[in-house]
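Worksheet for the structure shown next.
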Amino acid sequence: MGAKTPHYDKHVEAGARIVDFGGWDMPLHYGSQKEEHFAVRQNAGVFDVSHMTIVDLTGERARDFLQYLVANDVAKLKDYGKALYTCMLNADGGVVDDLIVYYMSDTDYRMVVNAATREKDLAWIREHAGAFDIEVVERSELAMLAVQGPNARELAAPCIDAEYREAALALKPFYGMDAGEWFVARTGYTGEDGWEIVMPAADAHSAWDRLLAAGVSPAGLGARDTLRLEAAMNLYGSDMDETVSPLEAGLAWTIAWEPAERDFIGRSAIEALRNSPDRQRFVGLLLEDKGVLRNHQKVVVDGVGEGEITSGGFSPTIGRSIALARVPAGDYDRAQVEVRGKLLDVRIVKTPFVRNGQIRIDV
């Protein structure tokens, strides 16, 4: 048996199929992954994301510390609650983890990192925090729910205390705010609008019940994966890891090269790759034959070389198989994927595949 979130009993009560995910007992689905997927695309779904790791950083040099720790520019964060997506890199330029940083004040920041990398991340953060005299506090007493979909905020709003409700509804994308003992952020991992809500574990059951009573559908890890794949959002351990540079994982936009004098961990390593003509491409694939694209299948580019699918699967919204893949450098828009000994045709497409309920590619 793995670790259990404060919502675990509610998953069992709702008939969830429970699976191990990074050492946590988590819901894969509640009966129909496809129905959960479309509930989020068309209305609203709620995911238990309490397995994610919340870390609060405090200290006079908190900004300096984060400027060194992560590849994006934390100095961009000047407004209360503003969030930034970024990566922690190792000395070789590989991705230790991808995460979100929230600015609370010049001396206080909140980070949300991945569940499966919790121990590694905490050790890495603490290893480098000492030189900056930063207090690192894991907030394991908190629970978190992600309410996602075009109607998510409207349906979830009554759960927010009345005095904070209007401000929460007025949040701009990628901003968060304290709402009493809760923290509400307009962020997510589905390509839809919504909130991620952090709360004391004691509030977990009542919040879950109120959301379901309001018409929000429970959704599990299966739908979360198909939704994030359609939105072309990377999954740590599949699309990138400590051996992969963000430059070859579609995350070049998360690197702040200016100011040039900022020396973040891994900078010198990825600068060497920045202008390399041999740098691999990270692309979206649309299958044009019958079949299903899966992780680790070989991508063959005739006359160029070979690559690999990093995340693949069937897209419920598009009705076709799609994938994210790392492929050789070069100017081409067609390739083939080896599926059960056969080469199937794929088209290279611009991602995301789906965003805000709309198909964004030519099918």
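The values are calculated or read from the model by the stated rules, or taken from the named source; none is laboratory data. All values derive from a computational prediction rather than experimental measurement. A quick note on method: Cβ atoms are made from the backbone with ideal geometry, for glycine too, and the neighbour counts reach across all protein chains shown.
Below are the figures for this structure:
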read-out: Among (1) loosely packed, with under 15 Cβ neighbours inside 10 Å; (2) touching an Asp or Glu at 6+ places or on another chain (Cβ under 6 Å) - the single one residue 121 does not satisfy; value: (1)
read-out: Subset of segment 172-184 that is farther than 14 Å from residue 207 by Cβ and crowded, with 18+ Cβ neighbours inside 10 Å - its residue that is farthest from the chain's Cα centre (by Cα); value: 177
read-out: So residue 143, is it under 22 Å from the mean Cα position of the chain (by Cα) and assigned to a helix (DSSP H, G or I); value: no
read-out: All positions within segment 282-324 that are charged (D, E, K, R), surrounded by 15 or more Cβ atoms within 10 Å (Cβ to Cβ) and touching a Phe, Trp or Tyr at 6+ places or on another chain (Cβ under 9 Å); value: 320
read-out: Residue 284 at pLDDT 95 or above, of a type outside the set (A, V, I, L, M, F, W, C), in a strand (DSSP E or B) and closer than 30 Å to residue 362 by Cα; value: yes
read-out: Any hit, segment 294-303, residues being over 25 Å from the mean Cα position of the chain (by Cα) and not hydrophobic (A, V, I, L, M, F, W, C); value: yes
read-out: Total residues in segment 214-271, condition under 14 Å from the mean Cα position of the chain (by Cα) and of a type in the set (D, E, K, R); value: 6
read-out: Number of the condition not met by residue 191 [criteria: (1) in contact with a Lys or Arg (Cβ under 7 Å, 6 or more places away or on another chain); (2) among the small types (Gly, Ala, Ser); (3) surrounded by fewer than 19 Cβ atoms within 10 Å (Cβ to Cβ)]; value: (3)
read-out: Qualifying position, being farther than 30 Å from residue 220 by Cα, surrounded by 20 or more Cβ atoms within 10 Å (Cβ to Cβ) and at pLDDT 95 or above, among 111, 104; value: 104
read-out: Top-ranked residue in segment 217-241 [being in contact with a Lys or Arg (Cβ under 9 Å, 6 or more places away or on another chain) and in a loop (DSSP other than H, G, I, E, B); ranked as nearest to residue 115 (Cα to Cα)]; value: 235
read-out: Criterion violated by residue 33 - all others in (1) farther than 28 Å from residue 168 by Cβ; (2) without any contact (Cβ under 8 Å) to a residue 24 or more places away in the chain satisfied; value: (2)
read-out: Some residue of segment 172-181 being basic (Lys, Arg) and either under 18 Å from residue 45 (Cβ atoms) or part of a helix (DSSP H, G or I) (or both); value: no
read-out: Options 92, 56, 121: the member that is out of contact with any strand residue (DSSP E or B) (no Cβ under 6 Å at 6 or more places or on another chain) and not basic (Lys, Arg); value: 92
read-out: Which numbered condition residue 120 fails, given (1) closer than 27 Å to residue 227 by Cβ; (2) in contact with a Leu (Cβ under 8 Å, 6 or more places away or on another chain); (3) without any contact (Cβ under 8 Å) to a residue 60 or more places away in the chain; value: (2)
read-out: Only one of 131, 167 that is out of contact with any Gly (no Cβ under 9 Å at 6 or more places or on another chain), in a helix (DSSP H, G or I), surrounded by fewer than 13 Cβ atoms within 10 Å (Cβ to Cβ) and of a type in the set (A, V, I, L, M, F, W, C); value: 131
read-out: Filter result for the condition that a residue is within 22 Å of the chain's Cα centre (by Cα) and more than 30 Å from residue 359 (Cα to Cα), over 124, 195; value: 124
read-out: Test: residue 88 is modelled with pLDDT under 95, under 24 Å from residue 116 (Cα atoms), touching an Asp or Glu at 6+ places or on another chain (Cβ under 7 Å) and not aromatic (Phe, Trp, Tyr); value: no
read-out: Residue that is more than 22 Å from residue 76 (Cα to Cα), of a type in the set (A, V, I, L, M) and in contact with a Leu (Cβ under 8 Å, 6 or more places away or on another chain), where the choices are 286, 273, 247; value: 273
read-out: Subset tally (residues that are assigned to a strand (DSSP E or B) and hydrophobic (A, V, I, L, M, F, W, C)) for segment 188-216; value: 4
read-out: Tally, over segment 81-109, of residues that are over 15 Å from residue 187 (Cα atoms) and assigned to a loop (DSSP other than H, G, I, E, B); value: 7
read-out: Any hit, segment 343-361, residues being modelled with pLDDT of 95 or more, closer than 22 Å to residue 248 by Cα, touching a helix residue (DSSP H, G or I) at 6+ places or on another chain (Cβ under 7 Å) and in a strand (DSSP E or B); value: yes
